[in-house]
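The values are calculated or read from the model by the stated rules, or taken from the named source; none is laboratory data. Predicted model, so just to flag it, every value in this text is computed and none were measured. Quick reminder, even Gly has a Cβ in these numbers, built from the backbone with ideal geometry, and neighbours come from all protein chains shown. To get the accessible areas, we keep the full protein, side chains included, count just its heavy atoms, and leave off ligands, DNA and RNA. Shrake-Rupley method; radii C 1.70, N 1.55, O 1.52, S 1.80 Å.
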Amino acid sequence: MAAGRMGGLCGTNFEDPFERNPLTLALSPSRGEGTKQRNKQDPTLMQIRSQVSMVFHLDKCIGCHTCSVACKNVWTDRKGAEYMWWNNVETKPGTGFPTKWEDQEKYKGGFERNDDGSLSIKSTSKKKIIPNIFHNPHMPSMDDYYEPWTYDYQNLFTAKEGSDQPTAGPISMIDGEKIDVQSGPNWDDDLGGSEIYAANDPNLAGLTEQQRLQLSSVERLVFFYLPRICNHCLNPCCVASCPSGALYKRGEDGIVLIDQQKCRAWRSCVAACPYKKTYFNWFTGKSEKCILCFPRLETGQAPACFHSCVGRIRYLGVLLYDADRLEEVAKLPDDELVEGQRSLIMNPHDPAVIAQAKKDGISDGVIEAAQNSPVYKFVMEWKIALPPHIEYRTLPMLFYVPPMSPVQASKPEDTIHHNSNNLFHDIDDSRVPMKFLANLFGGGQEGVVRYALAKQKAVRWHRRAETVGDIDRATADRMLHEANCTREEADAIYKLTALCTYEERFVIPPMHREQAIEMMKEPHEHRAETGFGFVGGQTRGM
Amino acid sequence: MNARPMDQFLFIALPYVCLFTFLLMTIYRYRQQSFSYSSLSSQFLENKQHFWAVVPFHYGILAVTAGHLIAFLIPRSILAWNSHPLRLYILEISALVCGLLTLIGLISLIARRGTTTRIRKVTTVTDWILFAMLLIQTVSGVAIALFHPWGSSWFATNLSPYLWSIFKLNPDVSFVTAMPHLVKLHIVLAFLTIGFFPFTRLVHLLVIPNPYLWRKTQVVRWYGRKSE
Ligand code: SF4
Ligand code: SF4
């Protein structure tokens, strides 16, 4: 089988020159018309691909940063990569990493929709590449992240005898000079309510003055955690912007990688990724990014950050999607994007979809993985997981279950007074304003976020009625009904949220890439092309 | 051919050694060490002076190099263009302006590398040697434009034939032996730079991303073609 598929391949380039381009598809009339009028019953108009996708359940994240440290130790503990956090955990509201990455007025990440409905890359598009290649005007600098530092431990041994204890002062990991540390990654950790950090969160846009004030008042102070990795987007802006064609999406599983041999340090991807998840290695002169631990996935293990997650908030599984409609969806108006992205994702139990998937070369093992995918349940069946900042139009494939938050409180006199007397308060009384969550996860639309939170709340009512019994069954059922949820569904959500095993959280499709690689390539060469590892040492220049 | 041995060395042996090194080493390096083909941009470490140094330098040096190439490839058209004094002046002044732009950019580049500690850390000895070569080359070029005017014409009549004679493997140094010393220096340094090219970060010039302009927007790699 593997040998048959490799038949047409020779040389070292795996790029398929006839790969259909999602952004120019509409130009071909037959396809374009077909996509417009296509209905799901007619699978001949689909092109099914599989994507390893993710869900982060924010209600479970405890902000321990174990994930970040696991990733750092495995992948970015190297010269030039010290400042990179392929996985980082942010406190929201907060300014994030790099500082205010969501402020696209400043960073110009992602795509923008032009007046005629077409898309263009905000930073360095094809038109702008010629003037911008020497100096990229939207390239963040190290100061937007932080200057990595260590401590001068040697001084503890070599300091001259004196009247006070020697200290190990901070020194820069770039130039070795003493530095005065002003900020670093997670400088705003847990600083909800801070006037420097929380108050400058770009997601506060559209909140009333009163809501903002409440967010920073002591009684209402609130924050939650947002762990972030590369979203391995369906319409990756990083890939679209690379002048060398060094970035690519793997056809079989959708993982987005940077070919280290082809990267020439034009830096376009760093500016283009709206999530700021490609990083420039200042020492090797190459960009690097999260590789979703594909060497682990290929051997059936979850990525390091998933595996180590203390809160067990992370889920990984396959989604099947219709690659022919990518462009159409990426161009939808802002308020239709969340639904639009869902419409791309195909039901892996539908016989027509299965037949087409097989036709498109997706193996039985992957289809089976898609049918058991926890991500499909969260995103499509229950609709409680939402994409981050879908308005950047890269169609991210990491989804977040929005977090529940404590009830609002006010302190008119001496006692704190809760605005709600219910056991589980109304979601609109939550301390995190709905609009804030909508800016993060709903493309500005509150409806989809409200739906996800209402369902989570209903699950709690239901489980409380089942296990404690201080809520009567009828009330719980009414709650479920209002949240468009059944008892069975609520139990399933509860189970996958609270009692999930390793095998339920991570349904890793069989990849068998190791065989293909060994037969076709020199393994060391392959390592460099796939974003890590180097032939002849990781040196700079010659 | 009875050129002095010194001239024979500088204008026959050296050019061939340098051109040969260029050809062999760029290919060898591309095949063996593709990873090292990088512009090694330092914009990430210092983002403000970068603009004022890199942009004038690149526009300047690209224009100047293109001018030399054109005069080499189509000398007759240049001479025809220069037959009107006004057009000659325009060409000469533009060349001088581009040369000065390069010089200003280059000096800013050197200053930026020298004064920013972060950038000094990522600057190698090779970079400094290259800077020195480019600086002497640019200064001598600008000086030639000032002190030996109408270079666009005499390049076409004298240096083009010399360069062609090199490429036709029938070197004839009679065109260059009579040149002023400044011009000789410029020629020798030009060949040395070409010979040094494959060992420096200049190789990024060979991988300028022209396919980007017509490639499809998204790139997908498969392990095998799918059966349709
Ligand atoms: S999150 Fe950024 S780096 Fe990752 S695929 Fe999307 S655009 Fe590319
Ligand atoms: S390890 Fe898990 S629980 Fe801890 S911060 Fe990371 S995502 Fe959150």
Just one listed residue, out of B:F11, B:F57, B:F44, B:F20, is aromatic (F, W, Y) and not in a helix (DSSP H, G or I), and it is B:F44
Q) Would a scan of region B:189-205 turn up a residue that is within 14 Å of chain A (Cβ to nearest Cβ), open to solvent by less than 70 Å² (accessible area, probe 1.4 Å) and in a loop (DSSP other than H, G, I, E, B)? A) yes
Exception for B:T102 within (1) within 14 Å of chain A (Cβ to nearest Cβ); (2) buried (at least 18 other Cβ atoms within 10 Å of the Cβ); (3) over 16 Å from B:H68 (Cα atoms) falls at (3)
Apart from one, (1) open to solvent by 20 Å² or more (accessible area, probe 1.4 Å); (2) within 12 Å of chain B (Cβ to nearest Cβ); (3) not in a loop (DSSP other than H, G, I, E, B) all hold for A:V239; the odd one out is (1)
Flagged pairs (Cβ under 6 angstrom, 6 or more apart or on separate chains; first in region B:42-58, β-branched (V, I, T); second crowded, with 21+ Cβ neighbours inside 10 Å) are B:V54/A:F134; B:V55/A:F134
task: Tell me, please, whether a residue that is closer than 21 Å to A:C238 by Cα and away from ligand 2 (no atom under 16 Å from the Cβ) can be found in region A:83-92.
output: yes
Residue pairs qualifying under the 6 Å Cβ cut-off, at least six apart or on distinct chains, with the first in region A:61-84 being within 23 Å of B:F44 (Cβ to Cβ) and polar (S, T, N, Q) and the second being more than 16 Å from ligand 2 (Cβ to nearest atom) and not in a helix (DSSP H, G or I), are A:T76/A:M84
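Given the options A:D143, A:D152, A:D103, name the one that is in contact with a Pro (Cβ under 6 Å, 6 or more places away or on another chain) and surrounded by 15 or more Cβ atoms within 10 Å (Cβ to Cβ). Outline the logic, then answer.
Working: A:D143 fails: in contact with a Pro (Cβ under 6 Å, 6 or more places away or on another chain); A:D152 fails: in contact with a Pro (Cβ under 6 Å, 6 or more places away or on another chain).
Step by step, each of A:D143, A:D152, A:D103 is checked, and only A:D103 is in contact with a Pro (Cβ under 6 Å, 6 or more places away or on another chain) and surrounded by 15 or more Cβ atoms within 10 Å (Cβ to Cβ).
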The strands (runs of 3 or more DSSP E) lying entirely within region A:274-344 that contain at least 2 residues which are away from ligand 1 (no atom under 15 Å from the Cβ) and open to solvent by less than 10 Å² (accessible area, probe 1.4 Å) are A:314-322
Among residues of region A:41-82 being open to solvent by 30 Å² or more (accessible area, probe 1.4 Å) and within 14 Å of chain B (Cβ to nearest Cβ), the residue nearest to ligand 2 (Cβ to nearest atom) is A:K79
Whether any residue in region A:200-208 is crowded, with 22+ Cβ neighbours inside 10 Å and among the charged types (D, E, K, R) is what I want to check. yes
(Q) Please verify whether A:R220 is more than 14 Å from ligand 1 (Cβ to nearest atom) and assigned to a helix (DSSP H, G or I), treating the condition exactly as stated. (A) no
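Quick one: which of A:Y376, A:Y279, A:Y315 is under 20 Å from the mean Cα position of the chain (by Cα) and within 16 Å of ligand 2 (Cβ to nearest atom)?
On inspection, the qualifying residue turns out to be A:Y315.
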